[in-house]
Amino acid sequence: MANRPGGALATRPLQFIWIVDCSGSMQGKKIEALNFAIREAIPAMQDVARENPNAQVLMRAVRFSDSAHWHVAQPTDVHEFKWTDLTADGVTDMGQALGIVAEALKMENMPPRGLPPVLVLISDGQPTDNYTKGLAKLIAEPWGVKAVRVAIAIGDDADLNVLQQFIGNVEVKPLRADNARDLAKKIRWASTVPLKAASNPASRTQEQGDPAANVTLPAPPEPIGPVSADEVF
Amino acid sequence: MPTAVVQPWWALSASVCGASHARTGLPNQDAVKVVQDGGGLPAILAVSDGHGSAKCFRSHVGSQLAVDAAVAALDDFATGASEIPPEQIQASAALLPGAIVRRWRAAVAEHHAANPIGESELAALEPAAAVSARQALDRGDPFLIYGATLVSALLGPTWLLCLQLGDGEILTVSRGAAEVMQPIAVDESLIANETTSLCERDAEQNFRLHFRMLGDSTPALLLLATDGYPNSFETPAGFRQVASDLLGILDQDGAESVAQALPGWLEESSRLGSGDDVSVAILYLPPAKEAP
(Lines give C-alpha, C1' and ligand atoms only; values in the text may rest on other atoms or scores of the structure.)
Protein backbone atom coordinates (compact mmCIF):
# COMPACT_ATOMS: atom_id res chain seq x y z
CA MET A 1 0.00 0.00 0.00
CA ALA A 2 1.12 3.52 -0.77
CA ASN A 3 2.50 5.91 1.80
CA ARG A 4 0.21 8.24 3.74
CA PRO A 5 -0.96 11.13 1.50
CA GLY A 6 0.01 14.73 2.29
CA GLY A 7 3.04 16.62 3.56
CA ALA A 8 4.87 16.53 6.87
CA LEU A 9 2.82 16.15 10.03
CA ALA A 10 3.39 18.33 13.08
CA THR A 11 1.90 18.86 16.50
CA ARG A 12 0.18 22.19 17.20
CA PRO A 13 2.25 25.02 18.68
CA LEU A 14 1.19 26.60 21.96
CA GLN A 15 2.88 29.86 22.93
CA PHE A 16 3.44 30.37 26.66
CA ILE A 17 4.75 33.80 27.73
CA TRP A 18 5.85 34.89 31.20
CA ILE A 19 5.45 38.66 31.74
CA VAL A 20 7.45 39.51 34.85
CA ASP A 21 7.68 42.66 36.98
CA CYS A 22 11.35 43.38 37.72
CA SER A 23 10.88 46.81 39.30
CA GLY A 24 12.88 47.93 42.33
CA SER A 25 10.15 46.85 44.76
CA MET A 26 10.74 43.25 43.65
CA GLN A 27 14.34 43.36 44.96
CA GLY A 28 15.40 40.86 47.60
CA LYS A 29 13.08 38.10 48.74
CA LYS A 30 10.46 38.61 46.03
CA ILE A 31 12.68 38.26 42.98
CA GLU A 32 14.62 35.42 44.62
CA ALA A 33 11.38 33.59 45.34
CA LEU A 34 10.10 34.25 41.81
CA ASN A 35 13.26 32.91 40.17
CA PHE A 36 13.15 29.83 42.38
CA ALA A 37 9.43 29.26 41.74
CA ILE A 38 9.63 29.50 37.96
CA ARG A 39 12.66 27.21 37.85
CA GLU A 40 10.81 24.71 40.04
CA ALA A 41 7.69 24.95 37.86
CA ILE A 42 9.45 23.98 34.64
CA PRO A 43 9.59 20.20 35.30
CA ALA A 44 5.87 20.27 36.10
CA MET A 45 5.23 22.09 32.81
CA GLN A 46 7.29 19.46 31.02
CA ASP A 47 5.11 16.78 32.63
CA VAL A 48 1.97 18.52 31.35
CA ALA A 49 3.48 18.75 27.89
CA ARG A 50 4.33 15.03 27.95
CA GLU A 51 0.70 14.25 28.86
CA ASN A 52 -0.44 15.94 25.66
CA PRO A 53 2.17 15.18 23.01
CA ASN A 54 -0.04 16.77 20.33
CA ALA A 55 0.78 20.25 21.64
CA GLN A 56 4.26 21.74 21.26
CA VAL A 57 4.73 24.15 24.14
CA LEU A 58 6.97 27.08 23.20
CA MET A 59 8.06 29.38 26.02
CA ARG A 60 9.23 32.96 26.15
CA ALA A 61 9.58 35.60 28.85
CA VAL A 62 9.31 39.39 28.99
CA ARG A 63 10.71 41.48 31.86
CA PHE A 64 9.61 45.00 32.69
CA SER A 65 11.05 47.70 34.94
CA ASP A 66 12.57 50.83 33.27
CA SER A 67 11.03 49.94 29.89
CA ALA A 68 10.49 46.30 28.88
CA HIS A 69 12.58 43.68 27.09
CA TRP A 70 12.47 40.05 26.09
CA HIS A 71 14.18 37.99 28.77
CA VAL A 72 13.81 34.91 26.55
CA ALA A 73 13.09 36.16 23.04
CA GLN A 74 13.21 32.89 21.10
CA PRO A 75 10.15 30.62 21.47
CA THR A 76 11.79 27.65 23.15
CA ASP A 77 10.43 24.13 23.48
CA VAL A 78 9.47 23.58 27.11
CA HIS A 79 11.68 20.49 27.25
CA GLU A 80 14.71 22.64 26.41
CA PHE A 81 13.74 25.73 28.37
CA LYS A 82 16.22 26.98 30.99
CA TRP A 83 15.37 29.80 33.37
CA THR A 84 18.01 32.48 33.80
CA ASP A 85 17.58 34.46 37.02
CA LEU A 86 16.06 37.91 36.75
CA THR A 87 17.25 40.89 38.78
CA ALA A 88 15.10 43.78 39.96
CA ASP A 89 15.62 47.52 39.67
CA GLY A 90 13.74 50.55 38.37
CA VAL A 91 10.07 51.41 37.77
CA THR A 92 7.09 49.38 36.53
CA ASP A 93 6.63 49.86 32.78
CA MET A 94 3.98 47.17 32.43
CA GLY A 95 2.33 48.84 29.45
CA GLN A 96 5.50 48.48 27.41
CA ALA A 97 5.67 44.79 28.28
CA LEU A 98 2.09 44.26 27.12
CA GLY A 99 2.96 46.09 23.90
CA ILE A 100 5.87 43.72 23.28
CA VAL A 101 3.61 40.73 23.81
CA ALA A 102 0.99 42.26 21.48
CA GLU A 103 3.62 42.55 18.77
CA ALA A 104 4.58 38.89 19.21
CA LEU A 105 0.93 37.85 18.90
CA LYS A 106 0.23 39.70 15.66
CA MET A 107 -1.44 37.50 13.06
CA GLU A 108 1.62 37.50 10.82
CA ASN A 109 3.83 36.35 13.71
CA MET A 110 1.60 33.49 14.82
CA PRO A 111 1.09 30.04 13.28
CA PRO A 112 -2.53 29.87 12.06
CA ARG A 113 -2.98 26.36 13.45
CA GLY A 114 -1.74 27.31 16.91
CA LEU A 115 -3.51 26.52 20.15
CA PRO A 116 -4.64 29.42 22.37
CA PRO A 117 -1.58 31.18 23.84
CA VAL A 118 -1.11 31.34 27.60
CA LEU A 119 0.05 34.64 29.14
CA VAL A 120 1.06 34.82 32.81
CA LEU A 121 1.56 38.32 34.25
CA ILE A 122 3.32 38.62 37.62
CA SER A 123 3.54 41.98 39.41
CA ASP A 124 3.90 43.49 42.88
CA GLY A 125 2.97 47.08 42.18
CA GLN A 126 1.33 49.88 40.23
CA PRO A 127 2.21 50.42 36.58
CA THR A 128 4.26 53.58 36.10
CA ASP A 129 3.62 53.92 32.38
CA ASN A 130 0.45 54.01 30.29
CA TYR A 131 -0.54 50.40 30.85
CA THR A 132 -3.97 50.92 29.26
CA LYS A 133 -2.28 51.66 25.93
CA GLY A 134 -0.30 48.41 26.10
CA LEU A 135 -3.35 46.45 27.18
CA ALA A 136 -5.39 47.96 24.33
CA LYS A 137 -2.71 46.84 21.86
CA LEU A 138 -2.82 43.33 23.29
CA ILE A 139 -6.61 43.07 23.19
CA ALA A 140 -6.69 44.46 19.66
CA GLU A 141 -4.82 41.40 18.45
CA PRO A 142 -7.06 38.38 17.71
CA TRP A 143 -4.53 36.05 19.32
CA GLY A 144 -4.28 38.42 22.31
CA VAL A 145 -7.99 38.45 22.98
CA LYS A 146 -8.17 34.65 22.57
CA ALA A 147 -5.19 34.03 24.84
CA VAL A 148 -5.66 32.46 28.26
CA ARG A 149 -4.56 35.31 30.54
CA VAL A 150 -3.63 34.67 34.16
CA ALA A 151 -2.12 37.11 36.70
CA ILE A 152 -0.33 36.75 40.02
CA ALA A 153 -0.24 39.62 42.54
CA ILE A 154 2.77 39.57 44.83
CA GLY A 155 2.29 41.23 48.22
CA ASP A 156 -0.29 43.83 49.27
CA ASP A 157 0.78 46.64 46.98
CA ALA A 158 -0.03 44.95 43.67
CA ASP A 159 -2.77 46.70 41.72
CA LEU A 160 -5.49 44.05 41.59
CA ASN A 161 -7.68 46.24 39.38
CA VAL A 162 -4.97 46.41 36.71
CA LEU A 163 -4.35 42.67 36.89
CA GLN A 164 -8.09 42.00 36.60
CA GLN A 165 -8.23 44.16 33.48
CA PHE A 166 -5.37 42.14 32.04
CA ILE A 167 -7.24 38.87 32.71
CA GLY A 168 -10.33 40.28 31.02
CA ASN A 169 -12.72 37.74 32.54
CA VAL A 170 -14.58 38.51 35.77
CA GLU A 171 -14.85 34.79 36.50
CA VAL A 172 -11.05 34.52 36.83
CA LYS A 173 -9.47 36.54 39.64
CA PRO A 174 -5.79 37.42 40.09
CA LEU A 175 -3.94 34.88 42.20
CA ARG A 176 -2.41 36.40 45.33
CA ALA A 177 0.85 35.45 47.01
CA ASP A 178 2.38 37.15 50.03
CA ASN A 179 5.18 34.72 50.84
CA ALA A 180 7.67 32.56 48.99
CA ARG A 181 5.89 29.25 49.48
CA ASP A 182 2.59 30.71 48.34
CA LEU A 183 4.26 32.27 45.31
CA ALA A 184 5.75 28.91 44.35
CA LYS A 185 2.33 27.29 44.66
CA LYS A 186 0.61 29.96 42.55
CA ILE A 187 3.31 29.98 39.89
CA ARG A 188 3.12 26.22 39.64
CA TRP A 189 -0.68 26.42 39.19
CA ALA A 190 -0.47 29.29 36.68
CA SER A 191 2.15 27.51 34.64
CA THR A 192 0.49 24.11 34.46
CA VAL A 193 -3.31 24.32 34.78
CA PRO A 194 -3.91 26.93 32.02
CA LEU A 195 -1.35 25.09 29.89
CA LYS A 196 -3.27 21.85 30.21
CA ALA A 197 -6.59 23.58 29.47
CA ALA A 198 -5.26 25.44 26.42
CA SER A 199 -3.65 22.34 24.91
CA ASN A 200 -7.01 20.56 24.62
CA PRO A 201 -8.15 20.48 20.99
CA ALA A 202 -11.86 20.99 21.82
CA SER A 203 -13.52 23.69 19.72
CA ARG A 204 -15.33 26.62 21.29
CA THR A 205 -18.04 28.98 20.21
CA GLN A 206 -17.85 32.60 21.27
CA GLU A 207 -21.36 33.42 22.49
CA GLN A 208 -21.42 36.79 24.16
CA GLY A 209 -21.68 36.72 27.93
CA ASP A 210 -20.95 33.02 28.15
CA PRO A 211 -18.79 32.37 31.25
CA ALA A 212 -17.31 29.28 29.60
CA ALA A 213 -16.70 30.89 26.24
CA ASN A 214 -12.97 31.13 26.78
CA VAL A 215 -10.80 28.23 27.88
CA THR A 216 -12.26 27.17 31.21
CA LEU A 217 -9.98 26.96 34.22
CA PRO A 218 -10.65 25.03 37.40
CA ALA A 219 -10.66 26.81 40.76
CA PRO A 220 -7.26 28.20 41.78
CA PRO A 221 -5.34 26.73 44.72
CA GLU A 222 -6.03 27.81 48.28
CA PRO A 223 -3.39 30.00 49.97
CA ILE A 224 -0.70 28.37 52.08
CA GLY A 225 -1.70 28.19 55.73
CA PRO A 226 -0.39 30.60 58.39
CA VAL A 227 3.21 31.71 57.89
CA SER A 228 5.59 33.48 60.21
CA ALA A 229 5.92 37.26 59.96
CA ASP A 230 9.43 37.08 58.56
CA GLU A 231 8.22 34.93 55.66
CA VAL A 232 5.77 37.59 54.47
CA PHE A 233 7.01 39.78 51.60
CA MET B 1 -10.66 5.07 -33.05
CA PRO B 2 -11.07 3.81 -29.45
CA THR B 3 -13.94 5.16 -27.38
CA ALA B 4 -13.38 6.42 -23.81
CA VAL B 5 -15.79 4.88 -21.33
CA VAL B 6 -16.56 7.03 -18.28
CA GLN B 7 -16.11 5.10 -15.06
CA PRO B 8 -18.48 5.22 -12.09
CA TRP B 9 -17.85 7.62 -9.21
CA TRP B 10 -16.66 6.22 -5.89
CA ALA B 11 -17.56 7.64 -2.51
CA LEU B 12 -15.26 6.90 0.45
CA SER B 13 -15.35 8.06 4.02
CA ALA B 14 -13.66 7.46 7.35
CA SER B 15 -13.79 8.96 10.82
CA VAL B 16 -11.30 8.19 13.58
CA CYS B 17 -11.17 9.08 17.25
CA GLY B 18 -8.43 11.62 17.94
CA ALA B 19 -5.27 10.58 19.75
CA SER B 20 -6.03 13.16 22.44
CA HIS B 21 -9.56 11.83 22.90
CA ALA B 22 -8.26 8.27 23.10
CA ARG B 23 -5.90 9.32 25.92
CA THR B 24 -8.69 10.99 27.90
CA GLY B 25 -11.42 8.43 27.21
CA LEU B 26 -13.60 10.78 25.15
CA PRO B 27 -15.58 9.41 22.21
CA ASN B 28 -15.11 10.43 18.60
CA GLN B 29 -17.20 13.60 18.32
CA ASP B 30 -17.03 13.84 14.51
CA ALA B 31 -19.55 12.42 12.08
CA VAL B 32 -19.44 11.72 8.35
CA LYS B 33 -22.08 10.75 5.79
CA VAL B 34 -21.97 10.19 2.04
CA VAL B 35 -24.83 9.41 -0.33
CA GLN B 36 -24.03 8.27 -3.83
CA ASP B 37 -26.01 5.65 -5.68
CA GLY B 38 -24.88 3.44 -8.49
CA GLY B 39 -21.73 5.34 -9.32
CA GLY B 40 -23.59 8.31 -10.75
CA LEU B 41 -24.37 11.87 -9.78
CA PRO B 42 -25.67 13.67 -7.82
CA ALA B 43 -23.52 12.74 -4.85
CA ILE B 44 -23.72 14.27 -1.39
CA LEU B 45 -20.95 14.43 1.21
CA ALA B 46 -20.98 15.86 4.74
CA VAL B 47 -18.62 15.93 7.72
CA SER B 48 -19.24 17.52 11.08
CA ASP B 49 -17.08 18.21 14.13
CA GLY B 50 -18.83 18.17 17.49
CA HIS B 51 -17.16 20.85 19.59
CA GLY B 52 -16.15 18.51 22.38
CA SER B 53 -15.82 21.21 25.03
CA ALA B 54 -17.28 20.46 28.44
CA LYS B 55 -20.38 22.61 27.90
CA CYS B 56 -21.11 20.84 24.56
CA PHE B 57 -21.27 17.43 26.18
CA ARG B 58 -23.67 16.00 23.58
CA SER B 59 -21.77 17.31 20.57
CA HIS B 60 -21.08 13.75 19.37
CA VAL B 61 -24.86 13.49 18.89
CA GLY B 62 -25.03 17.01 17.44
CA SER B 63 -22.47 16.18 14.75
CA GLN B 64 -24.41 13.08 13.67
CA LEU B 65 -27.62 15.12 13.52
CA ALA B 66 -25.72 17.75 11.50
CA VAL B 67 -24.63 15.37 8.73
CA ASP B 68 -28.11 13.83 8.68
CA ALA B 69 -29.70 17.28 8.34
CA ALA B 70 -27.30 18.38 5.62
CA VAL B 71 -27.68 15.20 3.57
CA ALA B 72 -31.47 15.34 3.82
CA ALA B 73 -31.62 19.01 2.82
CA LEU B 74 -29.15 18.55 -0.04
CA ASP B 75 -30.98 15.45 -1.24
CA ASP B 76 -34.23 17.43 -1.41
CA PHE B 77 -32.39 20.21 -3.19
CA ALA B 78 -30.85 17.83 -5.73
CA THR B 79 -34.28 16.38 -6.49
CA GLY B 80 -35.76 19.83 -7.03
CA ALA B 81 -32.73 21.15 -8.91
CA SER B 82 -33.44 18.90 -11.89
CA GLU B 83 -36.45 21.11 -12.60
CA ILE B 84 -34.66 24.44 -12.14
CA PRO B 85 -32.81 26.19 -14.97
CA PRO B 86 -29.05 26.04 -14.22
CA GLU B 87 -28.81 29.83 -13.94
CA GLN B 88 -31.33 29.79 -11.09
CA ILE B 89 -29.73 27.02 -9.06
CA GLN B 90 -27.34 29.31 -7.22
CA ALA B 91 -30.13 31.60 -6.08
CA SER B 92 -32.12 28.61 -4.86
CA ALA B 93 -29.06 27.28 -3.02
CA ALA B 94 -28.98 30.44 -0.90
CA LEU B 95 -32.00 29.05 0.95
CA LEU B 96 -30.14 25.89 1.99
CA PRO B 97 -28.41 27.23 5.15
CA GLY B 98 -31.80 28.09 6.63
CA ALA B 99 -33.18 24.71 5.67
CA ILE B 100 -30.23 22.86 7.20
CA VAL B 101 -30.30 24.87 10.42
CA ARG B 102 -34.05 24.30 10.82
CA ARG B 103 -33.65 20.56 10.27
CA TRP B 104 -30.77 20.36 12.74
CA ARG B 105 -32.57 22.34 15.43
CA ALA B 106 -35.70 20.21 15.02
CA ALA B 107 -33.61 17.04 15.31
CA VAL B 108 -31.81 18.37 18.40
CA ALA B 109 -35.10 19.39 20.02
CA GLU B 110 -36.48 15.93 19.33
CA HIS B 111 -33.40 14.19 20.73
CA HIS B 112 -33.42 16.42 23.80
CA ALA B 113 -37.13 15.79 24.40
CA ALA B 114 -36.58 12.04 24.17
CA ASN B 115 -33.40 12.18 26.28
CA PRO B 116 -33.77 14.98 28.87
CA ILE B 117 -30.55 16.16 30.44
CA GLY B 118 -30.31 14.81 33.95
CA GLU B 119 -28.91 16.53 37.00
CA SER B 120 -26.15 13.95 37.15
CA GLU B 121 -24.97 14.95 33.65
CA LEU B 122 -24.72 18.60 34.71
CA ALA B 123 -23.11 17.78 38.04
CA ALA B 124 -20.30 15.97 36.25
CA LEU B 125 -19.28 19.10 34.34
CA GLU B 126 -16.65 21.70 35.18
CA PRO B 127 -18.38 24.51 37.16
CA ALA B 128 -18.22 27.12 34.37
CA ALA B 129 -19.46 24.63 31.79
CA ALA B 130 -22.31 23.61 34.07
CA VAL B 131 -23.30 27.28 34.45
CA SER B 132 -23.33 27.69 30.64
CA ALA B 133 -25.39 24.55 30.15
CA ARG B 134 -27.88 25.46 32.88
CA GLN B 135 -28.29 28.97 31.49
CA ALA B 136 -28.90 27.56 28.01
CA LEU B 137 -31.48 25.09 29.28
CA ASP B 138 -33.21 27.75 31.41
CA ARG B 139 -33.80 29.85 28.30
CA GLY B 140 -35.16 26.81 26.45
CA ASP B 141 -32.04 26.48 24.29
CA PRO B 142 -30.56 22.97 24.35
CA PHE B 143 -28.62 23.63 21.13
CA LEU B 144 -25.37 24.75 22.78
CA ILE B 145 -25.02 21.31 24.35
CA TYR B 146 -25.11 19.68 20.90
CA GLY B 147 -22.86 22.26 19.17
CA ALA B 148 -21.21 21.16 15.93
CA THR B 149 -19.77 22.48 12.67
CA LEU B 150 -20.77 21.40 9.17
CA VAL B 151 -18.89 20.95 5.90
CA SER B 152 -21.01 19.64 3.03
CA ALA B 153 -21.03 19.36 -0.75
CA LEU B 154 -23.40 18.35 -3.50
CA LEU B 155 -21.90 17.43 -6.85
CA GLY B 156 -24.51 17.53 -9.59
CA PRO B 157 -24.01 16.45 -13.21
CA THR B 158 -23.04 19.98 -14.29
CA TRP B 159 -22.40 21.95 -11.09
CA LEU B 160 -20.76 21.87 -7.67
CA LEU B 161 -22.31 23.29 -4.52
CA CYS B 162 -20.40 23.54 -1.23
CA LEU B 163 -21.75 24.75 2.11
CA GLN B 164 -19.69 25.28 5.24
CA LEU B 165 -20.31 26.51 8.76
CA GLY B 166 -17.29 26.72 11.05
CA ASP B 167 -13.88 25.14 10.65
CA GLY B 168 -12.92 22.27 8.36
CA GLU B 169 -11.80 22.32 4.73
CA ILE B 170 -12.85 21.31 1.22
CA LEU B 171 -10.34 20.42 -1.51
CA THR B 172 -10.85 19.59 -5.16
CA VAL B 173 -8.39 18.48 -7.80
CA SER B 174 -8.97 17.95 -11.48
CA ARG B 175 -7.18 15.33 -13.49
CA GLY B 176 -4.16 16.81 -15.21
CA ALA B 177 -4.33 20.03 -13.18
CA ALA B 178 -1.34 20.75 -10.99
CA GLU B 179 -3.22 22.92 -8.54
CA VAL B 180 -5.43 21.76 -5.71
CA MET B 181 -8.40 24.11 -5.30
CA GLN B 182 -10.18 25.22 -2.14
CA PRO B 183 -13.73 26.18 -3.16
CA ILE B 184 -14.30 27.86 0.22
CA ALA B 185 -11.33 29.81 1.53
CA VAL B 186 -10.14 29.22 5.08
CA ASP B 187 -11.80 31.69 7.44
CA GLU B 188 -8.81 33.38 9.07
CA SER B 189 -10.92 34.65 11.95
CA LEU B 190 -11.35 31.08 13.19
CA ILE B 191 -8.18 30.73 15.25
CA ALA B 192 -7.27 29.26 18.63
CA ASN B 193 -9.94 26.54 18.39
CA GLU B 194 -12.79 29.02 18.05
CA THR B 195 -15.44 28.27 15.46
CA THR B 196 -18.85 29.30 14.28
CA SER B 197 -21.46 26.66 14.94
CA LEU B 198 -24.91 25.30 14.25
CA CYS B 199 -25.75 26.01 17.90
CA GLU B 200 -25.37 29.77 17.55
CA ARG B 201 -28.27 32.14 17.02
CA ASP B 202 -26.74 33.50 13.82
CA ALA B 203 -25.81 30.10 12.40
CA GLU B 204 -27.70 30.63 9.15
CA GLN B 205 -25.89 33.92 8.47
CA ASN B 206 -22.48 32.38 9.17
CA PHE B 207 -22.71 29.72 6.46
CA ARG B 208 -20.31 30.15 3.56
CA LEU B 209 -21.45 28.94 0.16
CA HIS B 210 -19.69 28.11 -3.10
CA PHE B 211 -21.49 27.34 -6.34
CA ARG B 212 -19.99 26.89 -9.76
CA MET B 213 -20.95 25.44 -13.12
CA LEU B 214 -18.36 22.80 -13.95
CA GLY B 215 -17.91 23.11 -17.70
CA ASP B 216 -14.67 21.27 -18.47
CA SER B 217 -13.42 21.48 -14.89
CA THR B 218 -15.21 18.54 -13.27
CA PRO B 219 -13.03 17.53 -10.33
CA ALA B 220 -11.68 14.02 -10.31
CA LEU B 221 -11.49 14.21 -6.53
CA LEU B 222 -13.51 16.12 -3.96
CA LEU B 223 -12.43 15.89 -0.32
CA LEU B 224 -14.15 17.24 2.78
CA ALA B 225 -12.37 17.17 6.14
CA THR B 226 -12.96 18.21 9.73
CA ASP B 227 -10.31 20.57 11.12
CA GLY B 228 -8.44 17.81 12.92
CA TYR B 229 -7.02 16.80 9.54
CA PRO B 230 -5.59 20.13 8.24
CA ASN B 231 -4.44 20.99 11.77
CA SER B 232 -2.26 17.88 11.69
CA PHE B 233 -0.02 19.18 8.91
CA GLU B 234 3.00 21.41 9.38
CA THR B 235 1.84 23.74 6.59
CA PRO B 236 -1.39 24.44 4.66
CA ALA B 237 0.42 23.26 1.51
CA GLY B 238 1.14 19.95 3.23
CA PHE B 239 -2.57 19.46 3.76
CA ARG B 240 -3.51 20.46 0.21
CA GLN B 241 -1.01 17.87 -0.98
CA VAL B 242 -3.36 15.24 0.47
CA ALA B 243 -5.76 15.78 -2.42
CA SER B 244 -3.21 15.44 -5.21
CA ASP B 245 -1.49 12.50 -3.49
CA LEU B 246 -4.81 10.75 -2.95
CA LEU B 247 -5.80 11.12 -6.57
CA GLY B 248 -2.53 9.50 -7.63
CA ILE B 249 -2.90 6.67 -5.10
CA LEU B 250 -6.53 6.08 -6.09
CA ASP B 251 -5.60 5.94 -9.77
CA GLN B 252 -2.80 3.50 -9.04
CA ASP B 253 -4.23 1.26 -6.31
CA GLY B 254 -7.97 1.67 -6.70
CA ALA B 255 -10.71 2.90 -4.40
CA GLU B 256 -11.20 -0.34 -2.48
CA SER B 257 -7.55 -0.43 -1.48
CA VAL B 258 -7.62 3.22 -0.38
CA ALA B 259 -10.84 2.67 1.59
CA GLN B 260 -9.00 0.02 3.59
CA ALA B 261 -5.95 2.18 4.22
CA LEU B 262 -7.81 5.42 4.96
CA PRO B 263 -8.57 4.92 8.70
CA GLY B 264 -4.92 4.08 9.37
CA TRP B 265 -3.72 7.19 7.56
CA LEU B 266 -6.12 9.35 9.55
CA GLU B 267 -5.10 7.75 12.85
CA GLU B 268 -1.43 8.39 12.05
CA SER B 269 -2.21 11.99 11.16
CA SER B 270 -4.02 12.58 14.44
CA ARG B 271 -1.35 10.80 16.50
CA LEU B 272 1.57 12.71 15.01
CA GLY B 273 -0.40 15.90 14.42
CA SER B 274 -3.33 17.64 16.04
CA GLY B 275 -4.53 14.84 18.33
CA ASP B 276 -8.07 15.80 17.32
CA ASP B 277 -10.76 13.59 15.79
CA VAL B 278 -10.29 13.34 12.02
CA SER B 279 -13.01 12.69 9.45
CA VAL B 280 -13.02 12.79 5.67
CA ALA B 281 -15.53 12.25 2.91
CA ILE B 282 -14.14 11.69 -0.58
CA LEU B 283 -15.70 11.52 -4.02
CA TYR B 284 -13.49 10.08 -6.73
CA LEU B 285 -13.87 9.65 -10.48
CA PRO B 286 -11.46 7.06 -11.95
CA PRO B 287 -9.89 7.86 -15.30
CA ALA B 288 -11.94 6.93 -18.34
CA LYS B 289 -11.02 3.60 -19.90
CA GLU B 290 -10.78 2.77 -23.55
CA ALA B 291 -13.56 0.56 -24.77
CA PRO B 292 -12.34 -2.85 -25.93
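The values are calculated or read from the model by the stated rules, or taken from the named source; none is laboratory data. Quantities reported herein were computed from a predicted structural model and do not represent experimental measurements. In this analysis, Cβ positions are derived from the backbone assuming ideal geometry, glycine residues included, and neighbour counts consider all displayed protein chains. These accessible areas exclude ligands, DNA and RNA; they are computed on the full protein's heavy atoms, side chains included. Shrake-Rupley method; radii C 1.70, N 1.55, O 1.52, S 1.80 Å.
Below are the figures for this structure:
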item	result
Within region A:64-170: Cβ-based charge dipole about Cα centre, in debye rounded to nearest 20 (Lys, Arg +1; Asp, Glu -1)	600 debye
Semi-axis lengths (Å, descending) of the ellipsoid that matches the C-alpha gyration tensor of chain A	29, 19, 18
Virtual spin-label span in nm between A:LYS173 and B:GLN7, 7 Å along Cα→Cβ	6.7 nm
Under 5 Å, built H, 5+ apart or other chain: amide partners of A:ARG204	B:GLU194, B:THR195
Sites excluded, trypsin sites (Lys or Arg not before Pro) in DSSP loops with at most 14 other C-beta within 10 Å, longest stretch of chain A	A:107-233
Theoretical gain in end-to-end length, B:GLN260 to B:GLU179 [0.36 nm per residue, Cα-Cα removed]	26.5 nm
Most positive-pole-ward Cα, A:ALA180, A:ALA104, A:ILE154, against dipole of chain A from beta carbon charges	A:ALA104
Karplus 3J(HN,Hα) series, Hz, for region A:49-66 with 6.51 cos²θ - 1.76 cosθ + 1.60 (x for Gly, Pro)	5, 5, 5, 10, x, 8, 10, 9, 7, 10, 10, 9, 8, 10, 10, 9, 8, 7
FRET E, pair A:GLU32, A:ALA140, Förster distance 25 Å, beta-carbon r, rounded to 0.05	0.10
Rel. contact order, % - alpha carbon contacts under 8 angstrom, at least six apart, chain B	29 percent
Chain A: antiparallel DSSP beta bridges as a percent of all, rounded to 5	25 percent
Computed magnitude of the charge dipole of chain A (debye, nearest 20; Cβ of K, R +1, Cβ of D, E -1)	940 debye
Cleavage-rule hits, GluC sites (Glu not before Pro), region B:213-292, DSSP coil, Cβ neighbours within 10 Å at most 16	B:GLU234
Backbone HN-Hα couplings from phi across region A:75-86 [Karplus 6.51/-1.76/1.60, Hz, Gly and Pro as x]	x, 10, 3, 4, 6, 10, 6, 10, 8, 9, 4, 8
Solvent accessible area, Å² - B:LEU122, 1.4 Å probe, full protein context	10 Å²
Rounded to the nearest 10 Å², the accessible area of B:CYS17 at probe 1.4 Å	50 Å²
Karplus 3J(HN,Hα) series, Hz, for region B:192-197 with 6.51 cos²θ - 1.76 cosθ + 1.60 (x for Gly, Pro)	6, 6, 8, 8, 7, 8
Inter-site label distance for B:GLU268 and A:LYS133 at 7 Å from Cα along Cβ, in nm	5.4 nm
Size of region A:1-100 as Cα extents on the principal axes (Å, biggest first)	65, 27, 15
Shape box of chain B [Cα atoms, principal axes, largest first, Å]	73, 45, 33
Relative contact order of region A:124-233, pairs being alpha-carbon contacts under 8 Å that are 6 or more residues apart, as %	25 percent
Net charge of Cβ neighbours under 12 Å - reference B:LEU125; Lys, Arg +1; Asp, Glu -1	0
Assigned charges on the beta-carbon of Lys, Arg, Asp, Glu; the protein assembly as shown dipole about Cα centre (debye)	220 debye
Accessible surface of chain A [probe 1.4 Å, protein heavy atoms]: carbon and sulfur percent	50 percent
Using a Förster distance of 35 Å, the FRET efficiency for B:VAL35-B:LEU122 (Cβ separation, nearest 0.05)	0.45
Highest-MSF residue in chain A out of A:PRO223, A:PRO116, A:PRO174 [GNM, Cα springs under 10 Å]	A:PRO223
GluC sites (Glu not before Pro) restricted to region B:65-125 and DSSP loop, no more than 14 other C-beta within 10 Å	B:GLU83
Of all DSSP beta bridges in the protein assembly as shown, antiparallel share, percent nearest 5	70 percent
Cα principal axis extents for the protein assembly as shown, largest first, Å	96, 50, 39
Rounded accessible area per residue of region B:123-236, 1.4 Å, Å²	36 Å²
Accessible surface of region B:1-86 [probe 1.4 Å, protein heavy atoms]: carbon and sulfur percent	57 percent
Cα gyration tensor of region B:151-292 - equivalent ellipsoid semi-axes, whole Å, descending	26, 20, 12
Violating pairs (Cα-Cα greater than 29 angstrom) within the set A:LYS106/A:LYS185; A:LYS30/A:LYS106; A:LYS137/A:LYS173; A:LYS133/B:LYS55; A:LYS29/A:LYS133	A:LYS106/A:LYS185; A:LYS30/A:LYS106; A:LYS133/B:LYS55; A:LYS29/A:LYS133
Two-site label geometry, A:GLU222 and A:ASP89: point separation in nm, points 7 Å out along Cα→Cβ	4.2 nm
Accessible area buried, both sides summed, chains B and A with 1.4 Å probe, Å²	3800 Å²
Signed unit charges on C-beta, dipole axis of chain B, positive-most listed residue B:ASN231, B:ALA178, B:PRO86	B:PRO86
Geometric extent, Cα atoms of region B:102-205 - Rg, Dmax (angstrom)	18.1, 58
Kyte-Doolittle mean at least -0.5, axial Cα span of 20 Å or more - DSSP H helices of chain B	B:59-81, B:96-114, B:236-253, B:255-272
Qualifying trypsin sites (Lys or Arg not before Pro) for region B:192-250 [loop in DSSP, other Cβ within 10 Å: at most 11]	B:ARG201
